[in-house]
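Undergrad: Here's a structure for you.
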Amino acid sequence: MTSHCCEAMADRVNVCCDQHDTSFSCPDALVALSAKFQEYGLIIHDGGTSSVTIDFCPWCGRRLPESQRDRWFDELERRGIDPWGDEVPAAFQDDRWLASPRRE
Ligand SMILES: [Zn+2]
Ligand SMILES: [Zn+2]
């Protein structure tokens, strides 16, 4: 369970009303959190899953956690997994992989 910088963010992130399956298809949703990358993004409602990554919270102004995108690719590479070709392990599809020991 990811903790957020403030209540406004916690209320807004990955929300969806009961009429849409995902926050990307819900016009009311503003912010998506990519759990595996620890990236917050403003949702672009173009029918896809595009978002613009943000570094600061739009509500409280605090700096958001550092993106783990590079580390995600590093860790997969270390395991010999090609994220574009091989099946990505379940732990790497959300934030569980972050609990694995960090390589120094
Ligand atoms: Zn905030
Ligand atoms: Zn909706």
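Undergrad: Only one of (1) within 16 Å of ligand 2 (Cβ to nearest atom); (2) surrounded by 15 or more Cβ atoms within 10 Å (Cβ to Cβ) fails for Gln19. Which number is that?
TA: Here Gln19 meets the rest and fails (2).
Undergrad: Can I ask one more? Mind telling me which of the residues Leu64, Leu30, Leu42, Leu76 ends up being of a type in the set (A, V, I, L, M) and in the same structural domain as Asp94 (by TED's automatic domain parsing)?
TA: Leu76
Undergrad: Can you work out which of the residues in the stretch 22-78 that are loosely packed, with under 13 Cβ neighbours inside 10 Å and part of a strand (DSSP E or B) is farthest from ligand 2 (Cβ to nearest atom)?
TA: Looking at residues that are loosely packed, with under 13 Cβ neighbours inside 10 Å and part of a strand (DSSP E or B), I get Arg63.
Undergrad: Now for a different question. So Pro83 ticks every box in (1) at positive phi; (2) touching a helix residue (DSSP H, G or I) at 6+ places or on another chain (Cβ under 6 Å) but one. Which box is left unticked?
TA: All conditions pass for Pro83, except number (1).
Undergrad: I would also like to ask the following. So which residues in the stretch 16-57 are more than 12 Å from the chain's Cα centre (by Cα), within 16 Å of ligand 1 (Cβ to nearest atom) and free of Cβ contacts under 8 Å to residues at least 40 places away in the same chain, if there are any at all?
TA: Scanning the stretch 16-57 gives Leu30, Asp55, Phe56.
The values are calculated or read from the model by the stated rules, or taken from the named source; none is laboratory data. Bear in mind the structure is a predicted one, so any value in this text is a computation, not a measurement. As a convention, Cβ positions derive from the backbone with ideal geometry for all residues, glycine included, and neighbour counts pool all protein chains shown.
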